[in-house]
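Working notes for the structure below.
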Amino acid sequence: MKAKRSVFAVAGLLVPAILAAGLLFGPGCEPREDHQTGPSAPPTAEQRAERTVPSDPQAARAARVCAMIEEGRFDAARQALANASEPLDGPLAQAAALLEAQDRVAEQRQAFRDKTLQEELAELDRLRTEIGTEPMDVNDLGEVIGVVIKAREHADEAGAAQILQDSFVQRVIEAARRHGDRLDAEGRWVDAYAQCYYWLNALDEDDPEYKARTEALIEKAGVEMALKDDSCGDTSVDRHEGIRPVMFQRAVDALDFQYVTEPDFGAMARQALARCRILSEVLRRSRDTLAFHVDDPEAHERWLAGIDTFEAELGDSARSVSKQKLLLVFDEVLALNAVTLGLPREIVVAQFAEAALAALDPFTMLVWPWNVRDFEKNMKQEFYGIGVEISKATGVLKVSSLLPDTPAYRSGLDADDIILAVDGEPTDKMTIFCAVSKITGPKGTTVTLTVKHAVTGEVEDIT
């Protein structure tokens, strides 16, 4: 059994030295226009060949042709050979042989693409016949869209567009959208993402609606996770302990002086207020057991009305917003929470701050006190894994890859296998961090995984 990758990661990057609620800046911004980013572009292979032209005309032409081949300019290389007045022998013959070999490889690749495309189209026809005009089953959505994605990957631009416009494919897409919207309205955000919008976004990554809906579902699921206790004994109260408003205020001051470009405080304020709306929606619609509850509908109405007022004060996105205005909105949101939702202040601070910083780039974030405590705890103990990388990107706990010569590699696990349970505990409601903590442990610890194999569909316990 061959592992897909040779990199093992289960919990992300740890920073060697972290201060409580310290600010991490990422490289998510462009350099100043007047900044010299480096030396001029290096010469091309053809330019290098021109500088070292041999005295022999045949060798000189061969050098230029080989430089074109090196840069992938095969048509230009063929034209140069066609224009050659010298006989095609010696170096020119070798260049011609390279082009012939490239032609054979291109033909083989195209033949493989054509064969694979026909196989995927045949599978699509099989599903079309099998499903017929019956109402679309949720299990069919991902299967059909997965086939469509593979077919489009092997088709040319016109063929890919034609596949997408197929009436059966359009019916599947519309069914996925309706099902995803229904799950979203029911507060089943992980299901809406995993069963519908994950596939729709993968089908057409350039569609702005799919991208926006996918990001919104991930954000709602993230807020819900922050408000839940997990089976590993990690409580929402513990995760928010020690969070104070001054941490965000100091972070904003640091941004003002240290960020690589001038921070867009308006975007930060608007995205933070949008998160405040999502916070209310999660509290009202979540189907899971949350650590905090606000059951008074009028409290939510007053909260949302206050958010409306703050957004109106900011104006449209073209209007500039100062650092002071961002911090004023932050204070107003905390005061509004005190007289409406009544959530612990730590919750609102964390949600506001995380959303505001996410508006800058994907890498700038606050390191909260619980992150520091968790880091220090891990540094004091020696844990071992089983040699597997896991993911829950689609809502189910899957094996992403395995390390050679590890317990997981020797046990029969394979990439894309689904982990249904860890030591008998189902993983459907388990966070990725909780799953990692249950699979790792002191050297010699045993763990039993209930696995559904991707290839055979067989379910078995692996220890």
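Summary of computed values
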quantity: Filter result (surrounded by 15 or more Cβ atoms within 10 Å (Cβ to Cβ) and either outside the structural domain of Glu143 (by TED's automatic domain parsing) or closer than 30 Å to His240 by Cα (or both)) within segment 166-197; calculated: Leu183, Asp184, Gly187, Arg188, Trp189, Val190, Asp191, Ala192, Tyr193, Ala194
quantity: Test: residue in segment 133-140 that is modelled with pLDDT of 90 or more and within 30 Å of Tyr197 (Cβ to Cβ); calculated: no
quantity: Enumeration of residues in segment 236-258 that are buried (at least 17 other Cβ atoms within 10 Å of the Cβ) and more than 14 Å from Phe330 (Cα to Cα); calculated: Ser236, Arg239, His240, Ile243, Leu255
quantity: Inter-residue pairs, beta-carbon under 6 Å, first in the same structural domain as Leu328 (by TED's automatic domain parsing) and in segment 283-308, second outside any helix (DSSP H, G or I) and of a type in the set (Val, Ile, Thr), 6+ apart; calculated: Leu283/Val294; Ala299/Thr340; Arg302/Thr340; Trp303/Thr340
quantity: Residue count for segment 305-322, restricted to those that are within 30 Å of the chain's Cα centre (by Cα), outside any loop (DSSP other than H, G, I, E, B) and either farther than 15 Å from Gln271 by Cβ or among the charged types (D, E, K, R) (or both); calculated: 1
quantity: Residue match in segment 270-279 (condition: at pLDDT 95 or above and either in the same structural domain as Val190 (by TED's automatic domain parsing) or among the small types (Gly, Ala, Ser) (or both)); calculated: yes
quantity: Every pair of residues 6+ apart whose Cβ atoms lie under 9 Å, when the first sits in segment 319-348 and is assigned by TED's automatic domain parsing to the domain that holds Ser236 and of a type in the set (D, E, K, R) while the second is in a loop (DSSP other than H, G, I, E, B) and surrounded by fewer than 20 Cβ atoms within 10 Å (Cβ to Cβ); calculated: Arg345/Arg244; Glu346/Glu241; Glu346/Gly242; Glu346/Arg244
quantity: Of the criteria (1) in contact (Cβ under 8 Å) with a residue 12 or more places away in the chain; (2) not assigned by TED's automatic domain parsing to the domain that holds Ala358, which one Cys232 fails; calculated: (2)
quantity: Residue count, segment 416-441 (criterion: among the hydrophobic types (A, V, I, L, M, F, W, C) and modelled with pLDDT under 85); calculated: 7
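The values are calculated or read from the model by the stated rules, or taken from the named source; none is laboratory data. Since this is a predicted model, take the numbers as computed values, not measurements. FYI the Cβ positions are ideal-geometry reconstructions off the backbone, even for glycines, and counts take in every protein chain you see.
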